[in-house]
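S.K.: The structure's right below; bear with me while I get my questions together.
Just so it is clear, none of the values below were taken in a lab; they were calculated from the coordinates. As the structure is a computational prediction, the values presented were derived from the model and not from experiment. Counting neighbours? That spans all protein chains shown, and the Cβs are built from the backbone with ideal geometry, glycine included.
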């Protein structure tokens, strides 16, 4: 009778690749020297990537550490909470709330358009005074430990969607900062404000930026967006925003 310790390496790789990464690293790797060797094999983590749909043949030359690649792909998700106004203003800090203040409306809204993403049903809308809201993401709380951020420096991708009403001009702004433990700005994305004139096509547009090769010490990500209408009309004629996202990890992972 063959024991598990006598199984061929390829069979053991296949069996262990079925287990969660946490169990492999915290339990299986400590069983014996053979299991530690197998858990550390590139082939095991590449197999896990194949199982979970993260593997692309084109990645073979660009991925140097398949274990870290798998872990980052597995963790990848939107770190912005309540991005589509489904929970009112929960998780957002209203930094500026002037004019008739922030409001939430249902898509497509008056003189508006539907989103390309049919799963999005609501948006935040600004008024005639400056309206800005933000979120501060603590990376360690989201599972991204300090050594990972300092040594691997995984890609940080920011996306946001904005639109105007057809009948009113407005202004849109976005600022994203990578912050240190002491909240020092290590890197910033702050493009020129977008000014949309009256009688625009009112289409939803995406803005996107990926932070790469940023300095060591990133512990927080601060995201702020907003704006106002440019014609100072009472009500909610300003920029509309929704479906914001911040993701960490390889671009190939969903």
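S.K.: If you wrap a convex hull around the C-alpha atoms of region 53-197 and split its volume per residue, what is the figure in Å³?
M.R.: 165 Å³
S.K.: Taking neighbour counts of Cβ atoms within 10 Å as a proxy for exposure, in what order, fewest first, do 232, 132, 124 appear?
M.R.: 232, 132, 124
S.K.: Something else: Can you compute the modelled spin-label distance between residue 232 and residue 57, with each label point 7 Å from Cα toward Cβ, in nm?
M.R.: 6.3 nm
S.K.: Under 8 Å for C-alpha pairs, at least 6 residues apart: give me the relative contact order for region 60-189, rounded to a whole percent.
M.R.: Relative contact order comes out at 20 percent.
S.K.: Here's another thing I want to ask about it. Counting other beta carbons within 10 Å of each residue's own, what order do 160, 100, 52 fall into, fewest first?
M.R.: Arranged by neighbour count, lowest to highest, 160, 100, 52 become 52, 100, 160.
S.K.: Follow-up question, since we're still on this one. State the three equivalent ellipsoid semi-axes of the chain, derived from the C-alpha gyration tensor as the square roots of 5 times its eigenvalues, in descending order and whole Å.
M.R.: Square roots of five times the eigenvalues give 45, 19, 15 Å.
S.K.: Another question, then. In whole Å, largest first, what are the principal axis extents of the Cα atoms in region 25-88?
M.R.: Extents along the principal axes, in whole Å: 53, 31, 18.
S.K.: How would you rank 46, 81, 103, going from fewest to most other Cβ atoms within 10 Å of each one's own Cβ?
M.R.: 81, 103, 46
S.K.: Find the relative contact order for the chain and round it to a whole percent, using C-alpha pairs within less than 8 Å whose residues are 6+ positions apart.
M.R.: 24 percent.
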